[in-house]
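*Asks:* Sharing a structure below in structure tokens format, with a few things to ask.
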Amino acid sequence: MINKNYSLDHRFTALEVMQDAPVIPVITVREVDDAISMAQALLKGGIRMLEVTLRTPKALEVIKAITEAVPGVVVGAGTVRSSDQALAATHAGARFAVSPGLTVDIARACRDLGLPLLPGVATPSEVMFAQSEGFNELKFFPAVQAGGVKMLQAFAGPFFDVKFCPTGGISLANAKDFLGLDNVICVGGSWLVPPKAIEDKDWDLITRLAKEANELKLGE
Ligand code: 3PG
């Protein structure tokens with residue numbers, strides 16, 4: 001559960017974003033009203049770092065609406081694939097960014113904006129590129145498809161100074177396997193926000209899933 005107090009205008013580092021809870025929910029939500037109820041439900045379940053993917057026409061509007069309506073949560077933009085998106089997300093109120101990969105352009109934009117970024121990597125060369133751009137906290141994506149726990153164990157040798165947030169194919173069933181690794185701080189996943197729960201406006205279910213995700217920490 002949330003056990004660290006930050007001021008409402010705290011500027012988070014990527015590490016702090018990762019350390020806040022065992023899971024960062026990866027959210028794709030189409031309607032602004034649903035987004036607010038969903039954010040409140042996650043917060044009630046003890047999850048406040050939310051990754052809203054830039055995959056729907058209203059994603060920026062959603063980031064802005066949650067930021068304004070639910071001050072206790074920290075909204076980040078996911079699926080950031082260009083510097084323009086990093087800028088637009090910042091203007092909408094995003095306080096961190098997650099990208100499926102990394103380009104020089106995005107790295108520069110996020111540095112210039114002061115926007116903490118979790119860049120996606122799946123191979124050793126990509127880890128090395130990310131580190132050469134100054135990033136040591138990385139999203140391992142797509143985690144299960146790219147080699148899962150064994151790949152991260154192999155990364156631990158050469159990349160002893162890197163911490164990962166594996167995302168992609170992770171669920172309550174396999175999250176503990178990843179969270180048990182020394183080089184993993186948290187995982188990302190969309191399972192906390194099932195599309196059906198949004199459709200049914202089953203906010204209690206989302207709160208329960210968030211609480212369940214928080215309990216993963218106990219098994220560390
Ligand atoms: C994504 O960017 O789609 C994330 O990796 C979420 O993956 P998941 O739906 O498998 O959790």
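The values are calculated or read from the model by the stated rules, or taken from the named source; none is laboratory data. Just so we're clear, the structure is a prediction, and the values are computed from it rather than from any experiment. Cβ sites come from the backbone with ideal geometry, for glycine too, and all protein chains shown count toward neighbours. Note: areas computed on protein heavy atoms with side chains; ligands, DNA, RNA excluded. Shrake-Rupley method; radii C 1.70, N 1.55, O 1.52, S 1.80 Å.
*Asks:* Quick one: in the stretch 98-126, which of the residues that are assigned to a helix (DSSP H, G or I) and under 24 Å from MET49 (Cα atoms) is nearest to the ligand (Cβ to nearest atom)?
*Replies:* Checking each candidate, the answer is ILE106.
*Asks:* Identify all residues within the stretch 17-38 that are under 19 Å from THR167 (Cβ atoms) and without any contact (Cβ under 8 Å) to a residue 60 or more places away in the chain; write none if there are none.
*Replies:* Answer for the stretch 17-38, where residues must be under 19 Å from THR167 (Cβ atoms) and without any contact (Cβ under 8 Å) to a residue 60 or more places away in the chain: there is none.
*Asks:* Considering only the stretch 21-43, I want to know if a residue exists there that is surrounded by fewer than 18 Cβ atoms within 10 Å (Cβ to Cβ) and within 16 Å of the ligand (Cβ to nearest atom).
*Replies:* For the stretch 21-43, residues surrounded by fewer than 18 Cβ atoms within 10 Å (Cβ to Cβ) and within 16 Å of the ligand (Cβ to nearest atom): present.
*Asks:* Turning to a different aspect of this structure: Residues to consider are ALA143, ALA130; find the one that is open to solvent by less than 20 Å² (accessible area, probe 1.4 Å), more than 27 Å from ALA65 (Cα to Cα), within 13 Å of the ligand (Cβ to nearest atom) and touching a residue at least 24 places away in the same chain (Cβ under 8 Å).
*Replies:* None of the other options fit; the residue is ALA143.
*Asks:* Of everything in the stretch 159-196, what is of a type in the set (A, V, I, L, M) and either more than 15 Å from the ligand (Cβ to nearest atom) or without any contact (Cβ under 8 Å) to a residue 24 or more places away in the chain (or both)? Give them in sequence order.
*Replies:* Passing the criteria: VAL162, ALA173, LEU181, ILE185.
*Asks:* Looking at the stretch 84-97 only, could you name the residues that are outside any loop (DSSP other than H, G, I, E, B) and open to solvent by 30 Å² or more (accessible area, probe 1.4 Å)?
*Replies:* ASP84, GLN85, LEU87, ALA88, THR90, HIS91
*Asks:* Can you tell me which residue among PHE159, PHE164, PHE155 is part of a strand (DSSP E or B) and open to solvent by less than 20 Å² (accessible area, probe 1.4 Å)?
*Replies:* None of the others qualify; the one that does is PHE164.
*Asks:* Quick check on the stretch 57-69. Is at least one of its residues part of a loop (DSSP other than H, G, I, E, B), open to solvent by less than 30 Å² (accessible area, probe 1.4 Å) and more than 20 Å from VAL17 (Cα to Cα)?
*Replies:* No, the conditions are met nowhere in the stretch 57-69.
*Asks:* Got a sec? Which of LYS217, LYS211 is modelled with pLDDT of 95 or more, open to solvent by 30 Å² or more (accessible area, probe 1.4 Å) and not in a loop (DSSP other than H, G, I, E, B)?
*Replies:* So the residue among LYS217, LYS211 that is modelled with pLDDT of 95 or more, open to solvent by 30 Å² or more (accessible area, probe 1.4 Å) and not in a loop (DSSP other than H, G, I, E, B) is LYS211.
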